[in-house]
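Before any comments, here is the structure.
The values are calculated or read from the model by the stated rules, or taken from the named source; none is laboratory data. It should be emphasised that the depicted structure is a prediction, and the values quoted were computed from it without experimental measurement. Every residue, glycine as well, gets a Cβ built from its backbone with ideal geometry; the counts of neighbours run over all protein chains shown. Side chains are part of the model used for accessible areas, which takes the heavy atoms of the whole protein and leaves out ligands, DNA and RNA. Shrake-Rupley method; radii C 1.70, N 1.55, O 1.52, S 1.80 Å.
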Amino acid sequence: MFTEINREIYQLKEKLRAKEKLLSQKDMLEAELRRKAQVRDELYKKLLKEKADVEKLEGLSFSAIFLSLVGKKEDRLDKEREELLEAELRYEECLETIRELEKELKEIDEKLKDFSHVRARYNELIKEKERQLLKDDSYQGRRLRESLDLINDLKLDIKEVDEAIEAGDRAIDGLEEMKEHLLSARSWGVWDVLGGGFISDMAKHSAIDKANEVGHRVQYLLKSFQKELADVNQFTDIKVNISSFTAFADFFFDGFFVDWFVQSKINRSIENVNGALSRIDSILRDLRNDRDKLNNLLKEKEAEVKKILES
C-alpha cells in the first residue's frame, strides 16, 4: 500500500540529509577559512620581517659592515635567506589553502541550489502518507508504518557508515604511500651520514619531495575522513570517538612540510604516520562492526515487513 510513497519519501530524506551534510560542511569550511585568514596575516607579517632582515644584511647597515669585517656576513646572510625562503613557502601554502577553501565553498553553494524545493515536497508526502495511514489505523498498519520508517533510517545509517569506511580506507592508502617514501628517505639519509656523497643526498631529497607531494594529498584525505566520521556521529545513533584522531589530523592540516632533511625529523614523521595508521585502523574496525549490526537489524525489519504484507 505504501510502497511508492515510502520510496519517494526515502529519496527525499536522502536529499534532505545530503543538504544537511552540505550545510554542515559549509560551516566547517567557513570556520577553517576564518582561521586560515588569521594565519595568513601572521605569516605575512613574518614574511615582511624576514625580507627586512635580508635587505638589512645585503645593504650597508652597521651590522652588515661589522659581520663583513669579521668574516661572518655570508654565513649570516645564508641563514637569513633560508628563513626568508621558509617564510615565503609557508605564506604561499596558506594562500593556496585559502583559494581551495573558497573554491569548495562556491561549489557547495552551487550544489545547495538543487535542494531548494526538497523540504516542501517532503512535507507534502508526509501529510499524504499520514492521511492514508489514518484510514488504516489497525495494529498491522501501525507495525508496518513503524517498520518502514525504521528501514529507511537504517539504510541511510548504513550509507553514512559505508562512506566513512571508504574515506578511511583512502586515508590509509595515502598514509602507507607516504610512509614508504619516508622510509626510503631515512635509508638514504643514513647512507648520506656515513659518507654516501652526492648520489645518496639527491636520492634522499627525491624521496622527501615525493613524501611531501603525497602529504598534501593526505591532508585532503584526512579531512574527508574526519568529515565522514562527523556525519556518522551527527546523523546516526553510532558514536565514534574521534577526539584523538582530530588532534593528530591537525598536524597535517597546519603543517607545510618544509624541513624534513634532518634525520630526526624524518623519524618523527614516520612515527606520526604510524600513529595515524593505528588510530584509523582502530576506528575502521569499530565502524565495520557497527555496519554489521545495522545490516543484521535491517534484514530483520525487511523480513518483518514482508511477513506483514504477505499475511
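Can you tell me which residue in segment 192-239 is modelled with the lowest pLDDT, limited to those that are of a type in the set (Gly, Ala, Ser) and either part of a helix (DSSP H, G or I) or open to solvent by 90 Å² or more (accessible area, probe 1.4 Å) (or both)?
Only one residue tops the list, namely Ser200.
What residue, among those in segment 31-48 that are in contact (Cβ under 8 Å) with a residue 12 or more places away in the chain and of a type in the set (Lys, Arg), is surrounded by the most Cβ atoms within 10 Å (Cβ to Cβ)?
Lys36
Among the residues of segment 104-141, how many are among the basic types (Lys, Arg) and modelled with pLDDT of 80 or more?
The total comes to 5.
Specify which of the listed residues (Asp169, Asp136) is open to solvent by less than 100 Å² (accessible area, probe 1.4 Å) and either assigned to a loop (DSSP other than H, G, I, E, B) or on the phi > 0 side of the Ramachandran plot (or both).
Checking each option against the conditions leaves just Asp136.
Pick from Lys111, Lys129: which is within 17 Å of Lys26 (Cβ to Cβ), of a type in the set (D, E, K, R) and surrounded by 13 or more Cβ atoms within 10 Å (Cβ to Cβ)?
Just one listed residue meets the conditions, Lys111.
Give segment 262-311 a look and list any residue that's modelled with pLDDT of 90 or more, buried (at least 17 other Cβ atoms within 10 Å of the Cβ) and either under 28 Å from the mean Cα position of the chain (by Cα) or not in a helix (DSSP H, G or I) (or both), or say none.
Scanning segment 262-311 gives Ile280, Ile283, Leu284, Leu287, Asp290, Arg291, Leu294.
Is at least one residue of segment 86-98 over 34 Å from the mean Cα position of the chain (by Cα) and either farther than 19 Å from Val39 by Cα or of a type in the set (Gly, Ala, Ser) (or both)?
Scanning segment 86-98, I find no residue that is over 34 Å from the mean Cα position of the chain (by Cα) and either farther than 19 Å from Val39 by Cα or of a type in the set (Gly, Ala, Ser) (or both), so the answer is no.
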